[in-house]
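Notes to accompany the following structure.
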């Protein structure tokens, strides 16, 4: 996990911030490093994590997790981490070779017009048995994949709404979801990721938007991240930081303070 980012967000492994709905997004950059950060952070905080891995294999997250000081295999074996590996399960579902009940979870693969009820039931069954000491956390990487498979933005928003109502409100946990933004600017196409992200901004409590530098590639600055937090009334907070991803972490700093521009 990244101490700089925890300090900016006022997060601590010693004190769990309840009912957070955190939306991650990127444009002309890769926000995957933030997914790895929150996964390692919540595991270190002693939370029970349900991870919907829609784009990468478990081994991918496990390798990165080792660099960040967490053992995902061990966490999964002891029940702290429930990992849904969609890439591994998808072929069997599409070819009707998997007779297990888990195929209901992937109904959206067989019929894109279907809702995501099966996926929500998987989340519910994974996190509803958390004890008083282990707060539930749902992490989704990433919601844009569902749109590319033909699932409607309305169905995705219904899914996130039910997850927020259950995990955040009912179980007093948190939700983290990644959305890949289209390269085009915001538009009115209701089935694009930009529209989905705009709608999610009305639901979330914290937003981290990663973008590449307008000046192009820089060895010492990999991009910028805008952090928005919903406040009381009209007192929303918005801050901008530059960042650099390292092999075992990432550093965040105010624009203009990097050694590259001093």
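The values are calculated or read from the model by the stated rules, or taken from the named source; none is laboratory data. Model, not experiment: these values are computed from the prediction. Note: ideal-geometry Cβ built from the backbone for every residue, glycine included; neighbour counts use all protein chains shown.
Observations, loosely collected:
- Qualifying residue in the range 56-67 (condition: at pLDDT 90 or above, within 18 Å of residue 119 (Cα to Cα), surrounded by fewer than 17 Cβ atoms within 10 Å (Cβ to Cβ) and under 17 Å from the mean Cα position of the chain (by Cα)): yes
- Single match in 144, 125, 207 (criterion: farther than 22 Å from residue 35 by Cα and modelled with pLDDT of 90 or more): 125
- For the range 213-229, a residue qualifies if it is surrounded by 15 or more Cβ atoms within 10 Å (Cβ to Cβ) and within 22 Å of residue 3 (Cα to Cα), and the qualifying residues are 221, 222, 223, 224, 225, 227, 228, 229.
- When the range 167-185 is filtered for residues that are within 17 Å of the chain's Cα centre (by Cα) and assigned to a helix (DSSP H, G or I), the ones remaining, listed by number, are 167, 168.
- Cross-chain or 6+ apart pairs with Cβ under 8 Å, the range 66-79 first and at positive phi and assigned to a loop (DSSP other than H, G, I, E, B), then modelled with pLDDT under 90 and crowded, with 18+ Cβ neighbours inside 10 Å: 69/1
- Options 184, 191, 234; residue that is out of contact with any strand residue (DSSP E or B) (no Cβ under 8 Å at 6 or more places or on another chain) and either modelled with pLDDT of 75 or more or within 23 Å of residue 162 (Cβ to Cβ) (or both): 191
- The residues on offer are 16, 11, and the sole one that is closer than 17 Å to residue 250 by Cβ and over 14 Å from the mean Cα position of the chain (by Cα) is 11.
- Cβ pairs under 9 Å, 6+ apart, first in the range 150-170 and on the phi > 0 side of the Ramachandran plot and free of Cβ contacts under 8 Å to residues at least 60 places away in the same chain, second buried (at least 17 other Cβ atoms within 10 Å of the Cβ) and in a helix (DSSP H, G or I): 150/108
- Inter-residue pairs, beta-carbon under 9 Å, first at negative phi and modelled with pLDDT under 70 and in the range 82-107, second surrounded by 14 or more Cβ atoms within 10 Å (Cβ to Cβ) and in a loop (DSSP other than H, G, I, E, B), 6+ apart: 91/98; 92/98
- Any chance residue 242 is at pLDDT below 90, touching a strand residue (DSSP E or B) at 6+ places or on another chain (Cβ under 8 Å), under 30 Å from residue 67 (Cα atoms) and buried (at least 20 other Cβ atoms within 10 Å of the Cβ): no
- Residue in the range 35-55 that is surrounded by the most Cβ atoms within 10 Å (Cβ to Cβ), counting only those that are part of a helix (DSSP H, G or I) and in contact with a helix residue (DSSP H, G or I) (Cβ under 8 Å, 6 or more places away or on another chain): 39
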